[in-house]
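As structure tokens, the structure follows; a few thoughts come after it.
Here, each number is a calculation from the coordinates, and none is a lab measurement. Note that the coordinates shown come from a computational prediction; the quantities given were computed from them, not determined experimentally. Here Cβ is always computed from backbone atoms with ideal geometry, including for glycine, and neighbour counts include all displayed protein chains.
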Amino acid sequence: MKSIYIIWLRQLKRYFRSRSRIVGSLGQPILFLVALGFGLGPIFAKAGQGNYLEFIAPGIISMSILFTAVFSGIEIIWDRQFGFLKEMLVAPISRWQIMIGRTIGGATVAVFQGIIVLILSLFFGFKIETFTLVPQMVLFMILIALLFTALGTAIASILEDMQGFQLIMNFLIMPLFFLSGALFPLSGVPGALNVIASIDPLSYGVDGLRGAITNSFHFGLPADLLVLSIATAVLIGIGSYLFSKIQI
């Protein structure tokens, strides 16, 4: 457990040492909140769907967690190229402890990033319906962060350099986000799109986070928790296995 704690602490120190990274990672969420929240807000309201900013804010928070978590996992590639990973792997600790420590550390960073975006959204006019559901909201943020940090670790364990990273972003991460219902309601969408959204694990994270904030669910709270928990456990297992097979 001490080894996991040390690796977790190392992840946090790396993140907080880079102020430019913290500020830079807020650019895209702010752009989405302003451009989409206010730009499409009147159209959304005319369609009788209410306040678009309040609808989109949970999706943007999920987006911030998603990208931060995946990038935390992808850092393994950088560590491998610069020799930091080799130093870690030859240390007298098991690889699964390294993987768990990195996953928890990356997830902590992603949750922190999501909380920052949540606070920023409040300044743009977003309102939380009831603060009694905030613990539930944090739970979903943690599950999303763990899930996609583990996914990033699994991907980075397979890739040997950053050349394949754009491929992963364009054909996996971006579709996961845009098809999750983060930017549009899933009710009433075409059947094929509804099926895709139903097998997208981020859909359940977005729905759970939105339900925790607005007290309105699409899939339902039990389904959201069950799917996210299972997906997180499976990906942590896959990530641990692939990480254990890394050649240095």
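Quick notes on this one:
- Value of [θ]222 nm, deg cm²/dmol, for the chain, DSSP H segments ≥ 4, -39500 (n - 2.57) each, nearest 500: -24500 deg cm²/dmol
- Only alpha carbons enter this Debye calculation for the stretch 132-172, each as an equal point scatterer, and the log10 of I(q)/I(0) it gives at q = 0.20, 0.24, 0.34 Å⁻¹ is -0.66, -0.79, -1.08.
- Selection from T149, L221, G37, by position along the positive dipole direction of the stretch 2-244 (Cβ): T149
- Once C-alpha pairs closer than 8 Å and six or more residues apart are averaged by separation and normalised to the residue number of the stretch 2-244, the relative contact order reads 27 percent.
- For the stretch 49-191, convex hull volume per residue from C-alpha positions, Å³: 134
- log10 of Debye I(q)/I(0), alpha-carbon scatterers only, for the chain at 0.13 Å⁻¹: -0.79
- Each Lys and Arg adds +1 at its Cβ and each Asp and Glu adds -1 at its Cβ; summed about the Cα centre, the chain shows a dipole of about 700 debye.
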